[in-house]
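Accompanying notes for the structure given below.
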Amino acid sequence: MWNKSEITFGQIFPRGTSYQSEYDTRETKKLQEGFNCTIDRTWNNKPIDHRPIDIKISWFFEKQRGAPHKRVVLVEFTAPLFDDPEPSENPGPTPGLWDYEVVEFFFANEQGHYLEVEVGPHGHWLVLFHKGYRECINAGEDVDLRIENVFDMD
């Protein structure tokens with residue numbers, strides 16, 4: 001799958017980094033507004049045959065004296081539940097979650113590293129770090145992640 005000695009989680013997201021740029025410490029307009037979008041078309045630009053999917057991404061930043069600043073990304077989505085069968089594993093980190101009903105988010109940097117976040121409607125999730133296209137460097141267990149599903153049975 002990957003060679004762990006090539007690159008580590010800490011090299012991409014180092015803990016206790018002391019360097020901080022001006023961007024790290026000022027509140028920007030985008031942090032206040034967040035990001036909102038609606039998905040109403042398929043990957044090949046065809047109209048979807050169900051309610052649109054609404055996504056809101058918010059960024060939170062908290063200065064912490066004597067410690068790395070706390071950065072949190074909150075992703076909220078409103079989507080129809082198709083009620084596909086859930087994985088047989090207990091809720092939590094679930095390898096192969098992409099084979100089930102899932103919402104996926106990707107966050108990338110300019111070096112081609114990216115974070116893949118998968119969330120299922122039954123409490124299953126998976127977070128993978130990649131150093132390039134599908135070059136996974138972790139198994140998803142090194143992450144602090146909180147999942148909360150709210151079902152509106154309209």
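What follows is calculated from the coordinates using simple rules that are stated; it is not laboratory data. If you're wondering where the values come from, they're calculated on a predicted model, not measured in any experiment. Please note: Cβ atoms are built from the backbone with ideal geometry, for glycine as well, and neighbour counts cover all protein chains shown.
With a cap of 11 neighbouring Cβ atoms within 10 Å, and only residues DSSP puts in a loop, list the chymotrypsin sites (Phe, Trp or Tyr not before Pro) found in the range 72-118.
Values: sites: 77, 82, 98, 100, 105, 106, 107, 114; in loops: 82, 100.
Of the chymotrypsin sites (Phe, Trp or Tyr not before Pro), the ones in loops of the range 72-118 whose Cβ has at most 11 other Cβ atoms within 10 Å are 82.
Work out, step by step, the length gained on full extension between residue 111 and residue 77: first 0.36 nm times the residue separation, then minus their alpha carbon distance; give nm to one decimal. Show your work: numbers first, answer last.
On the way: separation 34, 0.36 × 34 = 12.24 nm, distance 2.76 nm.
Stretched out fully, the residue 111 to residue 77 stretch lengthens by 9.5 nm.
Suppose R0 equals 25 Å; then what is the FRET efficiency for residue 134 and residue 44 from their Cβ-Cβ distance, rounded to the nearest 0.05? Can you show the working numbers first?
Details: r = 21 Å, r/R0 = 0.84.
Taking R0 as 25 Å, the efficiency between residue 134 and residue 44 is 0.75.
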